[in-house]
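All remarks here apply to the structure that follows.
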Amino acid sequence: MKSVFVRLTTLLAVLALVVTACGDDGDDVGGSGGTDEDEGSIAADYDLSGASFTVGSKDFTEQLILGQIAIAALEAAGASVTDQTNLGGTVVARQALESGDIDLYWDYNGTGWIEFLGETEVTSDGDALYEQVREADLEENGIVWYEPAPLNNTYALAQSQEAADEFGVTNLTEYGELVESSPDDATLCIESEFESRDDGLPGMEEHYGYDVPTDIITVLDIGPVYQATADRDPCNFGEVFASDGRIAALDLTVLEDDQGFFPPYNPSVTVREETHEEHGDQLSELFAEIANALDLETMQELNARRDVEDEFEEDIAREWLQENGFIG
(Lines give C-alpha, C1' and ligand atoms only; values in the text may rest on other atoms or scores of the structure.)
Protein backbone atom coordinates (compact mmCIF):
# COMPACT_ATOMS: atom_id res chain seq x y z
CA MET A 1 0.00 0.00 0.00
CA LYS A 2 2.86 2.29 0.90
CA SER A 3 4.46 1.53 -2.49
CA VAL A 4 1.25 2.48 -4.33
CA PHE A 5 1.07 5.76 -2.38
CA VAL A 6 4.69 6.61 -3.28
CA ARG A 7 4.07 5.92 -6.98
CA LEU A 8 0.92 8.10 -6.99
CA THR A 9 2.78 10.94 -5.26
CA THR A 10 5.61 10.75 -7.80
CA LEU A 11 3.16 10.73 -10.72
CA LEU A 12 1.33 13.80 -9.40
CA ALA A 13 4.65 15.63 -8.99
CA VAL A 14 5.62 14.84 -12.59
CA LEU A 15 2.22 16.00 -13.89
CA ALA A 16 2.58 19.24 -11.93
CA LEU A 17 5.96 19.90 -13.57
CA VAL A 18 4.53 19.18 -17.03
CA VAL A 19 1.58 21.54 -16.44
CA THR A 20 3.92 24.26 -15.14
CA ALA A 21 6.23 23.86 -18.12
CA CYS A 22 3.34 24.04 -20.57
CA GLY A 23 2.03 27.14 -18.84
CA ASP A 24 5.42 28.87 -19.16
CA ASP A 25 5.55 28.20 -22.91
CA GLY A 26 2.05 29.59 -23.38
CA ASP A 27 2.94 32.83 -21.61
CA ASP A 28 5.96 33.36 -23.93
CA VAL A 29 3.96 32.80 -27.11
CA GLY A 30 1.04 34.94 -26.10
CA GLY A 31 3.01 37.66 -24.37
CA SER A 32 5.24 40.39 -25.71
CA GLY A 33 6.51 38.27 -28.62
CA GLY A 34 9.75 37.08 -27.08
CA THR A 35 13.07 38.57 -26.06
CA ASP A 36 15.27 40.87 -28.11
CA GLU A 37 17.44 37.84 -28.84
CA ASP A 38 14.39 36.03 -30.23
CA GLU A 39 13.50 39.04 -32.39
CA GLY A 40 16.95 39.37 -33.91
CA SER A 41 19.52 42.13 -33.96
CA ILE A 42 17.61 44.47 -36.28
CA ALA A 43 14.60 44.75 -33.97
CA ALA A 44 16.94 45.25 -31.03
CA ASP A 45 19.16 47.90 -32.65
CA TYR A 46 16.91 49.86 -35.03
CA ASP A 47 13.55 51.60 -34.80
CA LEU A 48 11.94 52.72 -38.06
CA SER A 49 8.37 52.48 -36.78
CA GLY A 50 6.21 55.09 -38.49
CA ALA A 51 8.45 55.15 -41.57
CA SER A 52 7.31 53.69 -44.87
CA PHE A 53 9.40 52.57 -47.84
CA THR A 54 8.77 51.19 -51.31
CA VAL A 55 11.46 48.67 -52.22
CA GLY A 56 12.27 47.86 -55.85
CA SER A 57 14.61 45.51 -57.69
CA LYS A 58 15.60 44.47 -61.16
CA ASP A 59 14.18 41.27 -62.60
CA PHE A 60 16.87 38.61 -62.14
CA THR A 61 17.34 36.14 -59.32
CA GLU A 62 20.01 37.91 -57.27
CA GLN A 63 18.10 41.19 -57.42
CA LEU A 64 14.86 39.51 -56.34
CA ILE A 65 16.59 37.93 -53.33
CA LEU A 66 18.37 41.17 -52.36
CA GLY A 67 15.07 43.02 -52.66
CA GLN A 68 13.36 40.56 -50.32
CA ILE A 69 16.26 40.83 -47.87
CA ALA A 70 15.74 44.61 -47.79
CA ILE A 71 11.99 44.21 -47.30
CA ALA A 72 12.33 41.75 -44.42
CA ALA A 73 15.02 43.86 -42.76
CA LEU A 74 12.97 47.06 -42.92
CA GLU A 75 9.89 45.27 -41.60
CA ALA A 76 11.95 43.88 -38.72
CA ALA A 77 12.93 47.46 -37.87
CA GLY A 78 9.24 48.37 -37.66
CA ALA A 79 8.83 50.12 -41.03
CA SER A 80 5.86 49.74 -43.35
CA VAL A 81 7.08 48.35 -46.67
CA THR A 82 5.56 48.15 -50.16
CA ASP A 83 7.02 45.46 -52.42
CA GLN A 84 7.79 46.74 -55.93
CA THR A 85 10.53 44.23 -56.73
CA ASN A 86 10.90 42.64 -60.19
CA LEU A 87 10.52 45.97 -62.00
CA GLY A 88 12.54 45.03 -65.11
CA GLY A 89 16.03 45.94 -66.26
CA THR A 90 18.60 48.41 -64.98
CA VAL A 91 17.14 51.48 -66.70
CA VAL A 92 13.63 50.83 -65.39
CA ALA A 93 14.79 50.30 -61.81
CA ARG A 94 17.00 53.38 -61.80
CA GLN A 95 14.25 55.57 -63.28
CA ALA A 96 11.83 54.30 -60.62
CA LEU A 97 14.29 55.41 -57.93
CA GLU A 98 14.96 58.82 -59.46
CA SER A 99 11.24 59.52 -60.01
CA GLY A 100 10.26 58.53 -56.48
CA ASP A 101 8.22 55.49 -57.53
CA ILE A 102 10.48 53.47 -55.25
CA ASP A 103 12.60 54.58 -52.28
CA LEU A 104 15.49 52.12 -52.53
CA TYR A 105 16.94 49.18 -54.42
CA TRP A 106 20.31 47.42 -54.75
CA ASP A 107 22.57 48.35 -57.65
CA TYR A 108 26.20 47.68 -58.56
CA ASN A 109 29.21 50.01 -58.53
CA GLY A 110 30.28 48.92 -62.03
CA THR A 111 26.80 49.65 -63.36
CA GLY A 112 26.74 53.04 -61.67
CA TRP A 113 30.12 54.07 -63.02
CA ILE A 114 29.52 53.05 -66.64
CA GLU A 115 25.76 53.17 -67.14
CA PHE A 116 24.66 56.06 -64.92
CA LEU A 117 27.76 58.24 -64.91
CA GLY A 118 28.91 57.50 -68.47
CA GLU A 119 32.52 56.78 -67.53
CA THR A 120 34.73 54.48 -69.59
CA GLU A 121 37.96 54.27 -67.58
CA VAL A 122 37.37 51.63 -64.89
CA THR A 123 39.54 50.53 -62.00
CA SER A 124 39.57 46.85 -61.01
CA ASP A 125 39.64 47.89 -57.31
CA GLY A 126 36.06 47.48 -56.09
CA ASP A 127 36.48 49.73 -53.04
CA ALA A 128 38.05 52.52 -55.11
CA LEU A 129 35.30 52.20 -57.71
CA TYR A 130 32.64 52.39 -54.99
CA GLU A 131 34.14 55.64 -53.66
CA GLN A 132 34.19 57.12 -57.16
CA VAL A 133 30.55 56.18 -57.76
CA ARG A 134 29.42 57.29 -54.29
CA GLU A 135 30.89 60.77 -54.69
CA ALA A 136 29.93 61.35 -58.33
CA ASP A 137 26.37 59.98 -58.22
CA LEU A 138 25.53 62.07 -55.17
CA GLU A 139 26.98 65.22 -56.70
CA GLU A 140 25.48 64.76 -60.17
CA ASN A 141 22.20 62.95 -59.48
CA GLY A 142 21.41 63.15 -55.76
CA ILE A 143 21.65 59.37 -55.31
CA VAL A 144 23.27 57.96 -52.14
CA TRP A 145 25.14 54.63 -52.25
CA TYR A 146 25.42 52.75 -48.95
CA GLU A 147 28.32 50.46 -48.05
CA PRO A 148 28.76 47.70 -50.69
CA ALA A 149 28.78 43.94 -50.19
CA PRO A 150 32.08 42.12 -50.83
CA LEU A 151 30.45 39.81 -53.39
CA ASN A 152 31.34 40.66 -56.99
CA ASN A 153 28.60 39.80 -59.48
CA THR A 154 30.62 40.69 -62.54
CA TYR A 155 29.82 39.67 -66.10
CA ALA A 156 31.64 36.68 -67.57
CA LEU A 157 31.49 34.22 -70.44
CA ALA A 158 31.23 30.52 -69.65
CA GLN A 159 31.24 27.19 -71.48
CA SER A 160 30.45 23.57 -70.70
CA GLN A 161 33.29 21.28 -69.65
CA GLU A 162 32.79 19.41 -72.91
CA ALA A 163 33.27 22.60 -74.94
CA ALA A 164 36.32 23.51 -72.86
CA ASP A 165 37.89 20.13 -73.63
CA GLU A 166 37.06 20.41 -77.34
CA PHE A 167 38.19 23.99 -78.04
CA GLY A 168 40.80 24.60 -75.33
CA VAL A 169 39.58 28.16 -74.78
CA THR A 170 40.43 29.44 -71.29
CA ASN A 171 40.13 33.23 -71.56
CA LEU A 172 38.49 36.02 -73.56
CA THR A 173 41.55 36.57 -75.75
CA GLU A 174 41.45 32.92 -76.84
CA TYR A 175 37.69 33.21 -77.38
CA GLY A 176 38.37 36.04 -79.84
CA GLU A 177 40.87 33.85 -81.67
CA LEU A 178 38.19 31.14 -82.00
CA VAL A 179 35.68 33.74 -83.26
CA GLU A 180 38.06 34.68 -86.05
CA SER A 181 39.32 31.18 -86.93
CA SER A 182 36.13 29.13 -86.52
CA PRO A 183 33.07 31.32 -85.88
CA ASP A 184 30.62 28.40 -86.13
CA ASP A 185 32.24 26.96 -82.99
CA ALA A 186 32.16 30.31 -81.14
CA THR A 187 28.35 30.55 -80.96
CA LEU A 188 27.30 32.83 -78.11
CA CYS A 189 24.10 33.09 -76.03
CA ILE A 190 23.46 36.40 -74.23
CA GLU A 191 20.54 38.32 -72.73
CA SER A 192 19.30 41.57 -74.25
CA GLU A 193 20.85 43.97 -71.72
CA PHE A 194 24.34 42.52 -72.24
CA GLU A 195 23.88 43.01 -75.99
CA SER A 196 23.60 46.80 -75.68
CA ARG A 197 25.40 47.90 -72.49
CA ASP A 198 28.75 49.65 -72.71
CA ASP A 199 30.00 47.29 -69.99
CA GLY A 200 28.56 44.32 -71.92
CA LEU A 201 29.30 42.85 -75.35
CA PRO A 202 29.98 46.16 -77.23
CA GLY A 203 32.56 47.23 -74.66
CA MET A 204 34.11 43.76 -74.49
CA GLU A 205 34.48 43.65 -78.28
CA GLU A 206 36.11 47.10 -78.35
CA HIS A 207 38.43 46.33 -75.44
CA TYR A 208 39.60 42.97 -76.86
CA GLY A 209 39.68 44.13 -80.48
CA TYR A 210 37.35 41.66 -82.17
CA ASP A 211 33.72 41.55 -83.29
CA VAL A 212 31.40 38.62 -82.64
CA PRO A 213 29.32 38.14 -85.83
CA THR A 214 25.63 38.72 -85.20
CA ASP A 215 24.67 35.47 -86.94
CA ILE A 216 26.39 33.41 -84.22
CA ILE A 217 24.71 35.33 -81.36
CA THR A 218 21.43 34.15 -79.83
CA VAL A 219 19.57 36.51 -77.48
CA LEU A 220 17.61 34.77 -74.71
CA ASP A 221 16.28 35.62 -71.26
CA ILE A 222 19.11 35.35 -68.77
CA GLY A 223 17.80 32.14 -67.17
CA PRO A 224 17.77 29.99 -70.33
CA VAL A 225 21.28 31.19 -71.25
CA TYR A 226 22.77 28.92 -68.56
CA GLN A 227 21.00 25.74 -69.69
CA ALA A 228 21.61 26.53 -73.38
CA THR A 229 25.32 26.88 -72.63
CA ALA A 230 25.41 23.63 -70.66
CA ASP A 231 23.50 21.80 -73.42
CA ARG A 232 25.58 23.44 -76.19
CA ASP A 233 22.28 24.18 -77.91
CA PRO A 234 22.19 26.63 -79.61
CA CYS A 235 25.53 27.98 -78.34
CA ASN A 236 28.89 26.79 -77.04
CA PHE A 237 29.49 29.93 -74.96
CA GLY A 238 27.14 31.99 -72.81
CA GLU A 239 27.01 35.17 -70.79
CA VAL A 240 26.81 34.52 -67.03
CA PHE A 241 26.88 36.42 -63.76
CA ALA A 242 29.83 35.38 -61.58
CA SER A 243 27.68 34.98 -58.46
CA ASP A 244 25.08 32.74 -60.13
CA GLY A 245 24.61 29.36 -58.47
CA ARG A 246 23.93 27.65 -61.80
CA ILE A 247 27.60 27.91 -62.81
CA ALA A 248 28.52 25.20 -60.32
CA ALA A 249 25.23 23.31 -60.62
CA LEU A 250 25.62 22.93 -64.41
CA ASP A 251 29.41 22.39 -64.24
CA LEU A 252 30.15 25.44 -66.38
CA THR A 253 33.68 26.80 -66.79
CA VAL A 254 34.14 30.59 -66.64
CA LEU A 255 36.57 32.18 -69.12
CA GLU A 256 39.23 34.40 -67.55
CA ASP A 257 38.88 38.12 -68.27
CA ASP A 258 42.62 38.14 -69.00
CA GLN A 259 42.78 41.76 -70.18
CA GLY A 260 40.68 43.05 -67.28
CA PHE A 261 37.68 44.52 -69.10
CA PHE A 262 34.71 43.78 -66.86
CA PRO A 263 34.58 46.13 -63.84
CA PRO A 264 33.73 45.06 -60.28
CA TYR A 265 30.01 44.76 -59.55
CA ASN A 266 29.61 45.00 -55.78
CA PRO A 267 25.97 45.64 -54.78
CA SER A 268 24.91 48.54 -52.55
CA VAL A 269 21.52 49.80 -51.44
CA THR A 270 20.86 53.07 -53.27
CA VAL A 271 18.43 55.80 -52.09
CA ARG A 272 17.56 59.35 -53.07
CA GLU A 273 19.24 62.10 -51.07
CA GLU A 274 15.98 63.17 -49.41
CA THR A 275 15.34 59.63 -48.18
CA HIS A 276 18.86 59.53 -46.78
CA GLU A 277 18.41 62.88 -45.03
CA GLU A 278 15.26 61.60 -43.31
CA HIS A 279 16.30 58.07 -42.36
CA GLY A 280 19.94 57.72 -43.40
CA ASP A 281 21.45 57.33 -39.94
CA GLN A 282 19.60 54.06 -39.43
CA LEU A 283 19.39 52.90 -43.05
CA SER A 284 23.11 53.24 -43.71
CA GLU A 285 24.11 51.28 -40.60
CA LEU A 286 21.42 48.62 -41.03
CA PHE A 287 22.32 47.90 -44.64
CA ALA A 288 26.06 48.07 -43.94
CA GLU A 289 25.65 45.17 -41.48
CA ILE A 290 23.70 43.16 -44.02
CA ALA A 291 26.05 43.96 -46.91
CA ASN A 292 29.11 42.89 -44.92
CA ALA A 293 27.59 39.41 -44.53
CA LEU A 294 27.03 38.93 -48.28
CA ASP A 295 30.20 37.42 -49.78
CA LEU A 296 30.43 35.66 -53.15
CA GLU A 297 30.04 32.13 -51.78
CA THR A 298 26.97 33.12 -49.77
CA MET A 299 25.30 34.77 -52.75
CA GLN A 300 26.06 31.80 -55.02
CA GLU A 301 24.35 29.54 -52.47
CA LEU A 302 21.31 31.82 -52.17
CA ASN A 303 21.00 32.15 -55.95
CA ALA A 304 21.27 28.37 -56.37
CA ARG A 305 18.42 27.83 -53.91
CA ARG A 306 16.18 29.89 -56.23
CA ASP A 307 17.42 28.78 -59.64
CA VAL A 308 18.37 25.16 -58.95
CA GLU A 309 16.21 24.11 -55.99
CA ASP A 310 13.23 26.30 -57.01
CA GLU A 311 12.67 27.88 -53.58
CA PHE A 312 10.82 31.19 -53.24
CA GLU A 313 13.01 34.29 -52.90
CA GLU A 314 10.94 35.50 -49.91
CA ASP A 315 11.72 32.29 -47.99
CA ILE A 316 15.40 32.36 -48.98
CA ALA A 317 15.79 35.96 -47.80
CA ARG A 318 14.03 35.47 -44.46
CA GLU A 319 15.84 32.22 -43.65
CA TRP A 320 19.23 33.81 -44.41
CA LEU A 321 18.41 36.79 -42.17
CA GLN A 322 17.31 34.40 -39.41
CA GLU A 323 20.41 32.21 -39.74
CA ASN A 324 22.60 35.29 -39.35
CA GLY A 325 20.67 36.60 -36.36
CA PHE A 326 19.25 39.66 -38.10
CA ILE A 327 15.62 38.67 -37.55
CA GLY A 328 13.89 36.21 -35.23
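The values are calculated or read from the model by the stated rules, or taken from the named source; none is laboratory data. On a predicted model such as this, the values are computed, not experimentally measured, just so you know. Here Cβ is always computed from backbone atoms with ideal geometry, including for glycine, and neighbour counts include all displayed protein chains. Surface accessibility is based on the protein's heavy atoms, side chains included, excluding ligands, DNA and RNA. Shrake-Rupley method; radii C 1.70, N 1.55, O 1.52, S 1.80 Å.
Structure summary
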item	result
Degrees between helix 273-292 axis and first principal axis of the chain (Cα, 0 to 90, nearest 10)	80
Among beta bridges that DSSP assigns inside the chain, antiparallel share in %, nearest 5	55
Residues whose placed amide H lies under 5 Å from that of Thr218, excluding near-sequence neighbours	Leu188, Cys189, Ile190
C-alpha long axis of helix 172-181 to longest principal axis of the chain, angle in °	40
For the chain, with +1 on Lys and Arg beta carbons and -1 on Asp and Glu, the positive-most of Thr218, Leu64, Ala317 along the dipole	Ala317
Solvent accessible area, Å² - Arg305, 1.4 Å probe, full protein context	40
Where the Cα pairs of segment 187-240 fall when distances are cut into 10 Å bins, in %	28, 55, 17
Order by protection proxy (mean Cβ within 10 Å, highest first), peptides 139-152, 164-177	139-152, 164-177
Share of carbon and sulfur in the accessible heavy-atom surface of segment 212-328 [1.4 Å probe, %]	42
For Thr54, residues with placed amide H under 5 Å, excluding near neighbours	Thr82, Asp103, Leu104
Between helix 2-30 and the chain: long-axis angle, C-alpha atoms, 0 to 90°, nearest 10	50
Theoretical ellipticity at 222 nm over the chain - DSSP helices of four or more residues, -39500 (n - 2.57) apiece, nearest 500	-15500 deg cm²/dmol
Value of relative contact order over segment 153-269, rounded to a whole percent, pairs C-alpha under 8 Å and six or more apart	46
Three-way shape label, segment 239-320, alpha-carbon gyration tensor, a/c 1.5	oblate
Residue-wise HN-Hα coupling along segment 104-116, computed from phi with Karplus coefficients 6.51, -1.76, 1.60 (Hz; x: Gly, Pro)	7, 7, 8, 9, 10, 4, x, 5, x, 5, 8, 7, 8
Distance from segment 78-130 to segment 150-176 (C-alpha centre basis), Å	27
Percentage of interatomic Cα-Cα distances in segment 105-230 larger than 20 Å	52
Relative contact order (%) - criterion: Cα under 8 Å, at least six apart; region: the chain	25
Relative contact order for segment 200-266, counting Cα pairs under 8 Å that sit 6 or more residues apart, in percent	29
Nearest-10 value in Å² for the accessible area of Ser181, using the 1.4 Å probe	90
Segment 107-198, accessible surface, carbon-and-sulfur percent (1.4 angstrom probe)	39
Stokes-Einstein D for the chain, Kirkwood Rh over Cα pairs, 25 °C, 0.890 mPa s (µm²/s)	111
